[in-house]
Amino acid sequence: MRMTFDDLLTRARSLAEGGPRALLGITGSPGAGKSTFAEHLVRALNGTGEPWVAHVPMDGFHLADVELDRLGRRDRKGAPDTFDAAGYAALLGRLREERDEVVYAPGFERVLEQPIAGAVPVPPTARLVVTEGNYLLLDTGAWPRVRARLDEVWFCELDEPERLRRLIARHEEFGKGHEEAVAWVTRSDQPNAELVAATRERADLVVPVGELALTC
């Protein structure tokens, strides 16, 4: 049976019914549409009433360029070891436990390509937190701590040619020339995408985002 967006909304709502705050992870390879899907999901769940769903992207846990330079990893920005995975896991743990105060998460400025502290407020009224990123199902380093704090993880899947087209276009949108964008995708993004694709079988649900006709 074909999965519909309404089916996904029903499943997401069920995570937060009658219990403590729930955390839903959205993962997938770079360019697969994780952010777009998460934004649509949060917007639809919140509707026009009092917001009860928050969106916390993993991208705020990118290491700053100055630290990547110190570590010699800037040319691999976006790889698993260019994020503060332990810090991300700690924030998810706090989001699960803290129910009376606003919890501030870092954001990510795409134009600057830098993390920004305290940019995403999660109010006590949030009963569901949707968080998205590439490595939620990775089983190395500190990444298993991330999975342990999530109630479910959904894997966004998109046809490979379309995923690559979107990824190159995104790099161009934020300042790279076409050849530079293609080179970055080939050298950096694609190895990361293959690493993420290998985690697909660990997901609770595979979401064929190309069939949902969501606007990018």
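The values are calculated or read from the model by the stated rules, or taken from the named source; none is laboratory data. Please read all numbers here as calculations on a predicted model, not as lab measurements. No Cβ is skipped: glycine too gets one built from the backbone with ideal geometry, and neighbour counts run over all protein chains shown.
Just checking, which of Ala181, Ala197 is of a type outside the set (S, T, N, Q) and closer than 12 Å to Ala32 by Cβ?
Going through Ala181, Ala197 in turn, just one is of a type outside the set (S, T, N, Q) and closer than 12 Å to Ala32 by Cβ: Ala197.
In the stretch 199-216, which residues are hydrophobic (A, V, I, L, M, F, W, C), in a loop (DSSP other than H, G, I, E, B) and modelled with pLDDT of 95 or more? Outline the logic, then answer.
Taking the stretch 199-216 and keeping what is hydrophobic (A, V, I, L, M, F, W, C), we get 203, 205-207, 209, 212-214, 216.
Subset that is in a loop (DSSP other than H, G, I, E, B): 203, 212-214, 216.
Hit for the stretch 199-216 is Ala203, nothing else.
For the condition loosely packed, with under 15 Cβ neighbours inside 10 Å, among the charged types (D, E, K, R) and under 26 Å from Pro144 (Cα atoms), what is the one hit in Asp75, Asp59, Asp6? Lay out the reasoning, then the answer.
Values: Asp59 fails: loosely packed, with under 15 Cβ neighbours inside 10 Å; Asp6 fails: under 26 Å from Pro144 (Cα atoms).
Step by step, each of Asp75, Asp59, Asp6 is checked, and only Asp75 is loosely packed, with under 15 Cβ neighbours inside 10 Å, among the charged types (D, E, K, R) and under 26 Å from Pro144 (Cα atoms).
List the pairs whose first member sits in the stretch 172-183 and is touching a residue at least 12 places away in the same chain (Cβ under 8 Å) and outside any helix (DSSP H, G or I), whose second member is among the charged types (D, E, K, R) and surrounded by 11 or more Cβ atoms within 10 Å (Cβ to Cβ), and whose Cβ atoms are under 8 Å apart, counting only residues at least 6 apart or on separate chains?
If the second residue must be among the charged types (D, E, K, R) and surrounded by 11 or more Cβ atoms within 10 Å (Cβ to Cβ), the pairs left are Phe174/Arg110; Phe174/Glu113.
Could you tell me whether any residue of the stretch 164-187 is under 18 Å from Gly133 (Cβ atoms), hydroxyl-bearing (Ser, Thr, Tyr) and either crowded, with 18+ Cβ neighbours inside 10 Å or out of contact with any strand residue (DSSP E or B) (no Cβ under 7 Å at 6 or more places or on another chain) (or both)?
No, every residue in the stretch 164-187 fails to be under 18 Å from Gly133 (Cβ atoms), hydroxyl-bearing (Ser, Thr, Tyr) and either crowded, with 18+ Cβ neighbours inside 10 Å or out of contact with any strand residue (DSSP E or B) (no Cβ under 7 Å at 6 or more places or on another chain) (or both).
Quick check on the stretch 139-146. Is at least one of its residues buried (at least 20 other Cβ atoms within 10 Å of the Cβ) and not basic (Lys, Arg)?
Scanning the stretch 139-146 turns up at least one residue that is buried (at least 20 other Cβ atoms within 10 Å of the Cβ) and not basic (Lys, Arg).
Checking Thr125 against (1) without any contact (Cβ under 8 Å) to a residue 24 or more places away in the chain; (2) among the polar types (S, T, N, Q); (3) under 30 Å from Pro51 (Cα atoms), which single condition isn't satisfied?
(1)
Out of all the residues in the stretch 61-98, which are within 30 Å of Gly175 (Cα to Cα), without any contact (Cβ under 8 Å) to a residue 12 or more places away in the chain, part of a helix (DSSP H, G or I) and not basic (Lys, Arg)?
Within the stretch 61-98, Val66, Glu67, Asp69, Leu71 meet the criteria.
Being in a loop (DSSP other than H, G, I, E, B) and either free of Cβ contacts under 8 Å to residues at least 24 places away in the same chain or basic (Lys, Arg) (or both) is the filter; apply it to the stretch 99-122 and report the residue that is nearest to His40 (Cα to Cα).
Keep residues of the stretch 99-122 that are in a loop (DSSP other than H, G, I, E, B), which gives 99-102, 110-113.
Add one more test, that the residue is either free of Cβ contacts under 8 Å to residues at least 24 places away in the same chain or basic (Lys, Arg) (or both), and what stays is 99, 101-102, 110, 112.
Values: Arg99: 25, Glu101: 26, Val102: 23, Arg110: 19, Leu112: 24 Å.
Once the filter is applied, the top-ranked residue is Arg110.
Among the residues of the stretch 136-144, is any without any contact (Cβ under 8 Å) to a residue 60 or more places away in the chain and in contact with a Lys or Arg (Cβ under 6 Å, 6 or more places away or on another chain)?
no
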